[in-house]
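Here is the structure we will look at.
The values are calculated or read from the model by the stated rules, or taken from the named source; none is laboratory data. This one's a predicted model, so the numbers in the text were calculated from it and none came from an experiment. Because the Cβ atoms are built from the backbone with ideal geometry, glycine has one as well, and the counts that use them run over all protein chains shown.
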Amino acid sequence: KNQVEQSPQSLIILEGKNCTLQCNYTVSPFSNLRWYKQDTGRGPVSLTIMTFSENTKSNGRYTATLDADTKQSSLHITASQLSDSASYICVVSASRGGSYIPTFGRGTSLIVHP
Amino acid sequence: NAGVTQTPKFQVLKTGQSMTLQCAQDMNHEYMSWYRQDPGMGLRLIHYSVGAGITDQGEVPNGYNVSRSTTEDFPLRLLSAAPSQTSVYFCASSYSLQRSYEQYFGPGTRLTVT
């Protein structure tokens, strides 16, 4: 069964500090890996998308890495801001007959304190 | 360009009642999907569509029906609501299911079944 595990479940950091969120997956056949940010009461918003051949992708202060051999990804947030407080979701898609079916992780809840 | 819109934002149903959650997008996207999000769990795919007239089941389709008569609209029907269907429902759309296309989520519908 395809699975996506995220750690830690929750994280509290001080404003201005860096942090790294982890994602391990057992999804086959792998198509792509996405990181989303979900603010409370809102739908997820895409941060990065990586395919098999990409091992790093940046979006401002967010940098995602992918190791397809170990089936691990990380999301690094630099110089955190209060607005970074949200849930961060890792999504890995498998290809199935031309379609790409996503498996969602449970998310890491990040709280940034002033 | 409104993106992905969902109505209603909140809904309370009694067990056994039926209703339709509306989803519309104005980006001419082929791929649309419905997810449910429950506390402590990742988003789970209910149904998806790769174009007008074409729908398929996701991970948790039981108790839900969908149809796709136009490119813009993808309603989700609850035939006979059950308390287990209490959840937050998200609709999403994408230009294609190809590897690196962005997926856009609506704001969600919070459904309570009593």
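Results, tabulated for the structure shown:
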{"read-out": "Residue within segment A:44-64 that is polar (S, T, N, Q), within 14 Å of chain B (Cβ to nearest Cβ), under 27 Å from B:Ser33 (Cβ atoms) and touching a residue at least 60 places away in the same chain (Cβ under 8 Å) present", "value": "no"}
{"read-out": "Residue satisfying all of: in segment A:94-108; more than 20 Å from B:Ser93 (Cα to Cα) and within 11 Å of chain B (Cβ to nearest Cβ); surrounded by the most Cβ atoms within 10 Å (Cβ to Cβ) among these", "value": "A:Gly107"}
{"read-out": "Extreme residue, modelled with the lowest pLDDT, among residues of segment A:12-35 that are among the hydrophobic types (A, V, I, L, M, F, W, C) and touching a Phe, Trp or Tyr at 6+ places or on another chain (Cβ under 9 Å)", "value": "A:Phe30"}
{"read-out": "Conditions (1) closer than 16 Å to A:Ile101 by Cβ; (2) more than 14 Å from chain A (Cβ to nearest Cβ); (3) of a type in the set (Val, Ile, Thr); number of the one not met by B:Ile54", "value": "(2)"}
{"read-out": "Residue satisfying all of: in segment A:66-93; small (Gly, Ala, Ser) and touching a Phe, Trp or Tyr at 6+ places or on another chain (Cβ under 7 Å); nearest to the other protein chains (Cβ to nearest Cβ) among these", "value": "A:Ser93"}
{"read-out": "Matching entry among B:Ser49, B:Ser18, B:Ser87, B:Ser67 (being exposed (fewer than 13 other Cβ atoms within 10 Å of the Cβ), more than 10 Å from chain A (Cβ to nearest Cβ), small (Gly, Ala, Ser) and in contact with a strand residue (DSSP E or B) (Cβ under 8 Å, 6 or more places away or on another chain))", "value": "B:Ser18"}
